[in-house]
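The values are calculated or read from the model by the stated rules, or taken from the named source; none is laboratory data. The structure displayed is predicted, hence computed values, not measured ones. Virtual Cβ from ideal backbone geometry, glycine too; neighbours counted across all protein chains shown. Remember, those area values only see protein heavy atoms, side chains included, never the ligands or the DNA or RNA. Shrake-Rupley method; radii C 1.70, N 1.55, O 1.52, S 1.80 Å.
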Amino acid sequence: MIPVPRPSRRAGSCFRTARLLLCATLAQAGLAHALDMEAARVKAQVCFTCHGEQGISSQDNTPSLAGQPDAFLQWQLVYFRSKTRKSEIMGPIAAGLKDADIRELGSYFAALPPPKRPDGPDPDPQLATLGAKVAQANRCYVCHNENYLGQQAVARLALQREDYLYKALKDFREGRRTGGGVAAMPDAVYKLSDDDMKSSAHFLSRMPQP
Ligand code: HEC
Ligand code: HEC
C-alpha cells in the first residue's frame with residue numbers, strides 16, 4: 001500500500017488514490033502543483049447556476065457534483081465533449097473545455113463536501129426498504145463501492161438527487177446514455193423495472209451515512 005497523504009483543501013488533486021502515482025512523480029520532480037481552490041472556484045462559477053454554488057444542485061434532473069470521485073467527473077466531461085454522452089445542455093459547455101480545465105474542475109468539485117441527507121423523516125420509508133433490497137440483490141455496491149460512495153470512474157450514488165438518479169437509470173436502460181467502452185451500467189439495469197428504479201433512487205437519495 002502506498003501511504004495515503006492527509007487530504008488538505010489545497011491538495012485537492014493530490015489525495016485521490018488514482019492520482020497518487022502521478023502526484024508522487026510530480027512531487028519528486030519538484031513540480032507538485034496543488035489545486036488552487038480559489039482559482040478553480042472562479043473557473044467553476046459558470047457551473048454554479050445549475051449545479052449549485054457548493055456543487056449541491058437544487059435544480060430538477062441536474063446532478064450534484066460535490067464529493068463525486070475526481071476521475072468520474074473528469075471522464076463524464078470528456079464523454080460530453082466527445083459527444084459519447086449526449087446532452088443538449090452539457091455538450092456545448094464541455095466543448096469549450098480544455099484538458100487542463102477538465103482536470104481543474106473535476107478536482108474542484110470532488111474536493112467539496114458531499115450532499116447532506118435531506119432533513120426530516122423519510123416520506124416513504126417502505127419505498128426505501130424496497131430500494132435497499134433492489135440495490136442489494138443487483139449487487140450495485142460491487143462497482144459503486146461500500147455505502148455507494150463511488151470510486152475512480154464509478155459514480156457516487158449516496159445522497160444524489162432522487163429525480164436525477166431515476167432519470168440516469170432510465171437513460172441507461174433505454175440506451176440514451178452511454179459512457180465508457182464497457183457496458184457496465186446498461187448490463188446492470190436492463191432487467192430493472194420502473195418500480196425497481198424508483199425505489200432504488202429513493203433509497204440512495206436519502207440513505208443513512210456511515
Ligand atoms: C445550464 C445548466 C448547466 C450548466 C451551466 C452546467 N451544467 Fe453540468 N449538467 C447539467 C445537466 C442538466 C446535467 C445532466 C445531463 C443529463 O444527464 O442529461 C449535467 C451533468 C453534468 C455532469 C455529469 C454528472 C453526473 O453525475 O453524471 C458533470 C460532470 C457536469 N455536468 C459538470 C459541469 C461543469 C464542470 C460545469 C461548468 C463548466 C457545468 N456542468 C455546467 C446542467 C448544467
Ligand atoms: C459493473 C459495474 C457496475 C454495476 C454492477 C453498477 N454500476 Fe452504476 N455505474 C457504473 C459506472 C462505471 C458508472 C459511470 C457510467 C459512465 O461512465 O457512463 C455508473 C453510473 C451509475 C449512475 C449514474 C450516476 C451519475 O451521477 O451520473 C447510476 C444512477 C448508477 N450507476 C446506478 C446503479 C445501480 C442502481 C446499480 C445496481 C442496479 C448499478 N449502478 C450497478 C458501474 C456499475
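Just to verify a number: what accessible area does VAL142 come out at with the full protein assembly present, 1.4 Å probe, Å² rounded to tens?
80
To make sure I understand the rule: partners must be lysines, Cα under 25 Å from the Cα of LYS167, and not fewer than 8 residues away in the same chain. Which ones qualify?
LYS167 reaches LYS83, LYS86, LYS116, LYS133, LYS191, LYS198.
I'd like the accessible area for ILE56, computed on protein heavy atoms only with a 1.4 Å probe and all protein chains in place. Round to 10 Å², please.
Accessible surface of ILE56 is approximately 60 Å².
Between SER58 and VAL42, what is the label-point separation in nm under the 7 Å Cα-to-beta-carbon projection?
2.7
What nm value, rounded to one decimal, do you get for the distance between ASP187 and THR129 when each label is placed 7 Å out toward the C-beta?
3.4
If DNA, RNA and ligands are ignored and the probe is 1.4 Å, what is the ranking of GLU38, GLU104 by accessible area, most exposed first?
In descending accessible area the options line up as GLU38, GLU104.
Averaged per residue, what accessible area in Å² does the range 125-205 show with a 1.4 Å probe, protein chains only?
Averaged over the residues of the range 125-205, the accessible area is 53 Å².
Distances longer than 15 Å among the Cα atoms of the range 136-208: what percent of all pairs is that?
52
What lysines sit close enough to LYS43 to cross-link, taking a C-alpha to C-alpha distance under 18 Å and skipping anything fewer than 8 places away on the same chain?
Filter leaves LYS98.
How much of ARG81 can a 1.4 Å solvent probe reach, expressed as accessible area in Å² and rounded to 10?
Solvent-accessible area, nearest 10 Å²: 80 Å².
With +1 on each Lys and Arg Cβ and -1 on each Asp and Glu Cβ, how big is the dipole of the range 88-140 about its Cα centre, in debye rounded to the nearest 20?
260
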